[in-house]
Amino acid sequence: MHYAKMILIRLFSTLIVSLLLTNCGGGSGTGTDGSTDTSGGTIGTTTDSNTDDEFSRSEYKGLTFYYRNMPSSDYKLNQLSNEEFNALTQDEQLQVADKLLSTLFFGYPLTQLQEKITSNHFIDTIRNSLDEETTDKAWLENYILDEEKFTQYDRWNEPQAITILSRFYAMKDLDKYFFHNWVAYILTQTIMFSPAYELESTHTPNISRVYNRLVTMLGVESGMRYTTYVHMMSEDNWRRFRSPEDNGREMMEIFLFDMDDSHVPLAGKALQNWKLNTDSDTLEVSLNQNQEPLQLFGTTVYNGDDFYRELAKSDAFTKGVTRRLVEFFFPEVTDNKKQRIIDTIVSSNPETWQDILLQIIFSEEYLLHNQRTKSAEETFYSLAKKINYQHNKRTFAYFKEYLENMHQATMKYKLGKLERVPQDTLSFAHYHKFIRDEVLLRRSRPESKDDYSAWSRIGWDDTFLAFENFAYDSTDDIKSLDAFVEYLFQSIISRKATSEERKLFRDHMIEERDGKQLFRYEFNMFVTYDDPEREIEEREERKRNIAFIVLDYLSRLDATYRQKEVN
């Protein structure tokens, strides 16, 4: 079974490169062994043996297709272990757990998260879940394409981006498929893989083609060099950088940080027969390819295939892509510290995107010492899981629109999100407005549960405020209020309320009556009535009155929008 899988993987890789180069207009033929010959090279393996090691030997002119992710024991950047996590205080554990999960666009209801933390294996549990596939992909894809639940928009609304945003909400498990989607999403937010739908030369299918290609190639364990090689040669990439010299320059600057202007004419020469035809913005590769030897990347190249392949094979490639990702996740650290992190990761010789990204997000440096503003996706998707957030048909179209207003638009910008979270007044006002008005202060009405067209369906589910979620005492109003406030604080911002904050809510919601400290009328979640049904309804409504005020307060705290260093 294992060998059969390897054969299928090899055939898949051959097909991708064959189709890619044929569609790009490169010469091709068939070798005597049946492999496809492109530009004088063969696609195959470096050995005829049928050993398990054959997996890592499928290659094309020295460009290896597949790599298994390295074990975390081979990482050079220190990883946070279970033992170190368990040695933290309970408050610190909750903070670190939330930082890790929100980074991954995920979250758990508080009681469920606390159970995972007290298992004493939290770090390993989350890491191992990313290697296990539990998602029913057929169900998932049918669900997000169901017009009764998600409006399927026309091309003017970039529906491919809306579908991707919907998928993160709809995925229930933090598993391998979720992680592959997350990796693809992170890469497409950067300058490396942005589909750049803001450009006139790009088309909405570029969004799904770039993103889905990444997810698919991650699913068959394609290495990061091969993934990048395929992307650079694609029409999607050429619609972003449209002339030989422009494309060559940008690829060297983006992936290698090669700013040497003397290399640009050489790149342009290698790509002289490549162009984006204005007829439907179609990549066209003619037959008048360069015949002169050109010295780039420490080797000799001739044509476009050589240029992209040798760029991806170069040592500078690993340093370049690692730097891009470190800068994405550590935007506020000093340049010297960033360089130390980059050098440490590069020294581990990563060959997959996971080797870099997992090494970053599970590291002590990231989980304990890093602080930054969370992206809107990190905040929203994490909250959605914590509060059992309900959507309607248009929720994710509006989320996409809000992201654009925040200047955090997904996959829009030619150069990616050079600033992941713009913090100018207007951009952040839109960010706050979305989280406050559309997430924290919206309750999903039970009567609208089956009506996906209703605005009243949007918001947190009543289960979020269920009495069993916090340690109330119906004979002690102050104790119950404090417990409810604590639950809301820990659920939303992963910390307890301070004594000053508890006093703030007590002063507003508690009054002295008959010599006792009791809830004010509109906040009395223990009110009694002769009619049992009315009593339940009134108690729930007054509990919600408390929640709305606390959640409004939380929407104004920087802790809702920031990942903080563990002190």
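The values are calculated or read from the model by the stated rules, or taken from the named source; none is laboratory data. Values in this document were obtained by computation on a predicted structure and should not be read as measured data. Methodologically, a virtual Cβ is constructed for each residue, glycine included, from the backbone with ideal geometry; neighbour enumeration extends over all protein chains shown. Protein only, heavy atoms only, side chains kept; ligands, DNA and RNA dropped before computing areas. Shrake-Rupley method; radii C 1.70, N 1.55, O 1.52, S 1.80 Å.
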*Check the stretch 163-183 and report whether any residue there is open to solvent by 50 Å² or more (accessible area, probe 1.4 Å) and within 23 Å of Ala397 (Cβ to Cβ).*
yes
*Within the stretch 83-114, can you find the residues that are under 17 Å from Glu378 (Cα atoms), β-branched (Val, Ile, Thr) and out of contact with any strand residue (DSSP E or B) (no Cβ under 9 Å at 6 or more places or on another chain)?*
Val96
*Please verify whether the stretch 412-423 includes one or more residues that are closer than 19 Å to Ile162 by Cβ, open to solvent by 40 Å² or more (accessible area, probe 1.4 Å) and touching a residue at least 12 places away in the same chain (Cβ under 8 Å).*
yes
*Go through the stretch 500-520 residue by residue and tally those that are under 37 Å from the mean Cα position of the chain (by Cα) and within 15 Å of Ala483 (Cβ to Cβ).*
3
*Name the pairs whose Cβ atoms lie under 9 Å apart, with the first residue in the stretch 486-514 and more than 25 Å from Ser382 (Cβ to Cβ), the second surrounded by 13 or more Cβ atoms within 10 Å (Cβ to Cβ) and modelled with pLDDT under 95, and 6 or more positions between them or separate chains?*
none
_The conditions are (1) open to solvent by 10 Å² or more (accessible area, probe 1.4 Å); (2) out of contact with any helix residue (DSSP H, G or I) (no Cβ under 7 Å at 6 or more places or on another chain); (3) under 22 Å from Ala316 (Cα atoms); (4) not β-branched (Val, Ile, Thr), and Glu198 fails exactly one of them. Which is it?_
(3)
*asked:* So Val301 passes all but one of these: (1) over 26 Å from Asp261 (Cα atoms); (2) crowded, with 21+ Cβ neighbours inside 10 Å; (3) β-branched (Val, Ile, Thr). Which condition number does it fail?
replied: (1)
*Note down all Cβ pairs under 6 Å where the first residue falls in the stretch 158-177 and is among the polar types (S, T, N, Q), the second is crowded, with 23+ Cβ neighbours inside 10 Å, and they're at least six residues apart or on different chains.*
Gln160/Ile207; Ser166/Phe150; Ser166/Phe396
*Restricting the first residue to the stretch 104-132 and requiring it to be more than 21 Å from Tyr177 (Cα to Cα), which pairs with a second residue that is open to solvent by 50 Å² or more (accessible area, probe 1.4 Å) and outside any helix (DSSP H, G or I) meet a Cβ separation below 9 Å and a spacing of at least six or different chains?*
Pro109/Asn388
*Since Ile345 meets every condition but one in (1) closer than 15 Å to Met251 by Cα; (2) open to solvent by less than 70 Å² (accessible area, probe 1.4 Å); (3) in contact (Cβ under 8 Å) with a residue 60 or more places away in the chain, which condition does it not meet?*
(1)
*Spot the failing condition for Thr373; the list is (1) out of contact with any His (no Cβ under 7 Å at 6 or more places or on another chain); (2) more than 30 Å from Leu77 (Cα to Cα); (3) β-branched (Val, Ile, Thr), and only one is missed.*
(2)
*Could you list all residues from the stretch 370-402 that are of a type in the set (Asp, Glu) and open to solvent by 10 Å² or more (accessible area, probe 1.4 Å)?*
Glu401
_I need every pair where a residue in the stretch 531-542 that is touching a residue at least 12 places away in the same chain (Cβ under 8 Å) has its Cβ under 6 Å from the Cβ of a residue that is of a type outside the set (Gly, Ala, Ser) and assigned to a helix (DSSP H, G or I), sequence separation at least 6 or different chains._
Arg542/Phe523
*Kindly check whether there is at least one residue in the stretch 292-299 that is in contact (Cβ under 8 Å) with a residue 40 or more places away in the chain and over 15 Å from Arg249 (Cβ atoms).*
no
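Here is a list: Glu378, Glu401. Which entry is in contact with a helix residue (DSSP H, G or I) (Cβ under 6 Å, 6 or more places away or on another chain), assigned to a helix (DSSP H, G or I) and within 30 Å of Asp462 (Cα to Cα)? Lay out the reasoning, then the answer.
Details: Glu401 fails: in contact with a helix residue (DSSP H, G or I) (Cβ under 6 Å, 6 or more places away or on another chain).
Within the list Glu378, Glu401, the selection yields Glu378.
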*Does the stretch 73-85 hold any residues that are open to solvent by 50 Å² or more (accessible area, probe 1.4 Å) and of a type in the set (S, T, N, Q), and which are they?*
Ser73, Asn78
_Matching residues, the stretch 498-523, being farther than 22 Å from Arg539 by Cβ and either among the aromatic types (Phe, Trp, Tyr) or touching a helix residue (DSSP H, G or I) at 6+ places or on another chain (Cβ under 6 Å) (or both)_ = none
